[in-house]
Each structure stands twice: as C-alpha cells, then as structure tokens.
Amino acid sequence: MRIGTSLRTSYGVDARTGAHWLIERARTADAARLDSLFVGDHHATGGAYYQNTPTMGRLLAEWGDRPAGVLFLLPLWNPVLVAEHIGTLASFASGRFIMQTAIGGGADQFGAMGASLRGRAERFERDVAVVRNLLAGEEVDGVRIAPVTPEPLEIWIGGSAHPAIDRAARLGDGWLGNADGVPDIAREQVTVYLERCAAHGRTPTAVAIRRDVHVGADADDAERVAGPIVRGGYRGFDPDAFVYGSVEQVAEQFANLAAMGYTDVIVRQLASEQADAVASIERLAEVREAVRGI
C-alpha cells in the first residue's frame with residue numbers, strides 16, 4: 001500500500017503563518033518519503049484558503065521525484081486553463097503529475113465562480129476529455145496548448161454515489177474514495193468500483209481513499225490530540241471514519257483498507273497544532289514500514 005498526503009490549505013492563523021505551515025508539512029512529507037503529495041480546491045470560503053496551483057508550484061520546491069497533484073473541481077473551471085496550469089506544474093515537477101477531480105457542489109461556491117450546478121455532470125465528462133486531449137498534445141476545437149505534461153496525465157476521479165463511482169471507472173485512471181466513508185461503506189464502494197472497472201474493461205492505476213489521520217507517539221498521545229477533535233464533530237463525519245492511534249494501530253487500519261482492495265491512502269492531518277501535525281507526518285514513515293510487515 002502507498003501512503004500519500006493531501007495537505008490542509010486552510011488554517012485559523014494569519015496568512016503568512018499558514019503558508020509557512022504548509023511548506024513545513026510538505027518538507028516533512030518529503031523527508032518521510034511519502035508516496036504522493038496533493039492539495040485541494042475550494043472557492044469563496046469566507047476565510048483564508050490557499051489556492052491550488054500557486055500553492056503546489058511553491059510546494060514542488062520541497063518535494064522529490066514521487067507523484068504530486070492537484071484537485072480540480074472541474075465544472076468550476078475553464079478546461080483550457082486547467083490544462084495549461086497542469087502542463088506548467090508538471091513541467092516543474094520532478095515526478096509524475098496526477099489530476100484529482102470531481103464534479104463538486106455547493107450553491108455558494110458555484111455562484112461565486114459564475115458556474116451552474118445544473119448540468120455539471122455532463123460538463124464534467126466533456127471537460128475531462130478536453131483536458132486529457134489537450135495535455136496529450138492534441139488540438140481541441142482549434143486550440144493547442146504548451147507545455148504539456150512530460151508523461152501522460154493520470155486522472156483520479158472522486159465520488160461516492162454509485163453513478164459517480166461508475167463515472168470514475170469509465171473515465172478515470174483511478175478512483176478516490178471520500179474521507180467520510182466508514183469501513184463498511186469503504187468496503188462496499190471499492191467492490192462496486194472494481195466491478196465497474198471490469199465491466200468497462202479498465203485496469204485502474206490507483207484505488208485510493210482519503211482518510212483524516214493522526215499518528216501519535218502512542219495510543220494515549222493520539223487520544224490527546226485527535227480525541228477532542230473527533231468528539232467535537234469534525235466535518236460532521238461518523239467517528240468510525242477517522243484513523244488515529246499509535247503507529248501500530250494506524251498501520252493495522254491501513255492494512256485493513258489494503259485488504260479491501262485499496263492501493264493508496266491519502267492522508268489529511270487531524271491535528272490543529274502544527275507541532276502535532278508535523279510529528280504525525282514524520283511517524284507515517286514508520287506506519288508505511290509497519291503496513292509492509294503485516
């Protein structure tokens with residue numbers, strides 16, 4: 001199993017401090033030799049949210065030759081602009097570049113970006129093809145872009161409803177399961193995804209799931225950091241969707257995901273304090289070794 005990270009891009013601190021925290025977390029993830037690095041996509045949040053492409057451009061300076069990528073909620077974007085941003089980022093990256101994508105939601109976010117919620121699934125399918133073809137060096141509606149990605153673009157499509165999972169199997173190279181899925185739901189969804197891949201004659205490059213995680217020095221330390229956050233209703237998730245504990249406890253839960261059929265866990269840190277988050281990222285290197293030994 002591969003362990004990557006999706007860095008939080010919103011913090012309750014002043015903007016420069018938050019930016020420094022992002023850089024430190026990326027540097028720590030690189031030192032831990034995590035397998036992938038991602039940032040998300042959200043707009044008109046009402047608070048500080050570091051936008052995806054300039055953020056990743058800076059973080060690539062801290063990252064090695066493992067895969068890196070950016071989430072694009074594609075119906076909010078012009079697909080030519082997305083392709084140009086990805087081609088530019090991939091040229092700076094030392095490793096393979098991955099576009100994570102999904103149809104997105106939220107009337108406030110769509111309204112702020114001048115996009116309609118209606119018809120977004122159809123636009124999404126069209127725009128995935130446009131981005132992929134442009135970055136393959138093809139002409140689309142009289143348009144070509146440069147630079148393109150040095151390697152073929154890899155696309156992971158997120159979603160949890162059965163139609164969204166089928167869409168990921170049909171259009172994507174990989175699938176990204178949502179962080180809020182409790183173990184039984186995660187098992188059911190990966191089964192559906194693999195069945196739909198077989199039905200469409202597709203072999204996925206990644207079967208990934210997001211998880212909000214804290215790796216403590218031991219179980220008590222993990223409870224100190226993560227327990228109050230989880231009990232406080234973090235993101236409205238069911239408590240069983242979180243992963244926290246000692247290195248051995250987290251490794252066991254990741255191994256359970258691998259046994260379900262997941263190839264990648266994309267970790268988002270639960271800790272609100274920077275020192276706790278950095279320590280948790282450092283311990284993910286031990287988690288990866290422990291998973292391999294299970």
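The values are calculated or read from the model by the stated rules, or taken from the named source; none is laboratory data. What you are looking at is a predicted structure, and each value in this text was computed from that prediction instead of being measured. As a convention, Cβ positions derive from the backbone with ideal geometry for all residues, glycine included, and neighbour counts pool all protein chains shown.
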With the checklist (1) free of Cβ contacts under 8 Å to residues at least 12 places away in the same chain; (2) more than 21 Å from R210 (Cβ to Cβ) in hand, flag the one item G106 doesn't pass.
-> (2)
What are the pairs, 6+ residues apart or on separate chains, where a residue within segment 269-294 that is within 22 Å of A259 (Cβ to Cβ) and β-branched (V, I, T) has its Cβ under 6 Å from a residue that is in a helix (DSSP H, G or I) and at pLDDT 95 or above?
-> V287/V247; V287/V250; V287/A251; V291/A251; V291/F254; V291/A255; I294/A255
Which residue pairs have Cβ atoms closer than 6 Å, lie 6 or more positions apart in sequence or on different chains, and pair a first residue in segment 206-222 that is more than 17 Å from T5 (Cβ to Cβ) with a second residue that is surrounded by fewer than 20 Cβ atoms within 10 Å (Cβ to Cβ)?
-> V207/G261; V207/T263
Name, by its number, the condition in (1) surrounded by fewer than 16 Cβ atoms within 10 Å (Cβ to Cβ); (2) under 26 Å from A136 (Cβ atoms) that does not hold for I98.
-> (1)
Of all residues in segment 101-140 being in contact with a Gly (Cβ under 8 Å, 6 or more places away or on another chain) and under 29 Å from D30 (Cα atoms), which is surrounded by the fewest Cβ atoms within 10 Å (Cβ to Cβ)?
-> A102
Restricted to segment 44-59 and to residues being touching a helix residue (DSSP H, G or I) at 6+ places or on another chain (Cβ under 7 Å) and buried (at least 20 other Cβ atoms within 10 Å of the Cβ), the residue nearest to A136 (Cα to Cα) is M56
Yes or no: G172 surrounded by 21 or more Cβ atoms within 10 Å (Cβ to Cβ) and under 24 Å from N256 (Cα atoms)?
-> no
Just one listed residue, out of G159, G172, G137, is of a type outside the set (K, R) and either touching a Pro at 6+ places or on another chain (Cβ under 7 Å) or at negative phi (or both), and it is G172
All-but-one check, I86 against (1) under 18 Å from G40 (Cα atoms); (2) out of contact with any Asp or Glu (no Cβ under 7 Å at 6 or more places or on another chain); (3) free of Cβ contacts under 8 Å to residues at least 60 places away in the same chain, failing number (3)
From the list D65, D41, pick out the single residue that is surrounded by 20 or more Cβ atoms within 10 Å (Cβ to Cβ), of a type in the set (D, E) and either touching a residue at least 40 places away in the same chain (Cβ under 8 Å) or on the phi < 0 side of the Ramachandran plot (or both).
-> D41
Every listed condition ((1) out of contact with any Lys or Arg (no Cβ under 8 Å at 6 or more places or on another chain); (2) on the phi < 0 side of the Ramachandran plot) holds for G114 save (2)
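Any residue at all in segment 228-235 that's within 22 Å of G40 (Cα to Cα), in contact (Cβ under 8 Å) with a residue 12 or more places away in the chain and of a type in the set (V, I, T)? Write out each step before concluding.
Looking only at segment 228-235, we keep the residues that are within 22 Å of G40 (Cα to Cα), and these are 229-230, 233-235.
If we keep only those that are in contact (Cβ under 8 Å) with a residue 12 or more places away in the chain as well, we get 229-230, 234-235.
Filter once more, so that each one left must be of a type in the set (V, I, T): 229-230.
So far as segment 228-235 goes, yes, one or more of its residues are within 22 Å of G40 (Cα to Cα), in contact (Cβ under 8 Å) with a residue 12 or more places away in the chain and of a type in the set (V, I, T).
Quick grid of which residues meet (1) touching a Leu at 6+ places or on another chain (Cβ under 8 Å); (2) more than 17 Å from S36 (Cβ to Cβ); (3) not hydroxyl-bearing (S, T, Y):
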site	(1), (2), (3)
Y234	yes, yes, no
Q249	no, yes, yes
Y262	no, no, no
V265	yes, no, yes
A275	no, yes, yes
E286	no, yes, yes
V291	no, no, yes
Return yes when D108 is under 19 Å from Y50 (Cα atoms) and charged (D, E, K, R) and no when it is not.
-> yes
Residue in segment 73-80 that is surrounded by fewer than 18 Cβ atoms within 10 Å (Cβ to Cβ), over 17 Å from the mean Cα position of the chain (by Cα) and modelled with pLDDT of 95 or more present | yes
Qualifying positions in segment 11-29 - assigned to a helix (DSSP H, G or I) and surrounded by fewer than 17 Cβ atoms within 10 Å (Cβ to Cβ) = A15, R16, T17, H20, I23, E24, R27
Members of segment 151-181 found to be out of contact with any strand residue (DSSP E or B) (no Cβ under 8 Å at 6 or more places or on another chain) and touching a residue at least 60 places away in the same chain (Cβ under 8 Å), listed by number = D180
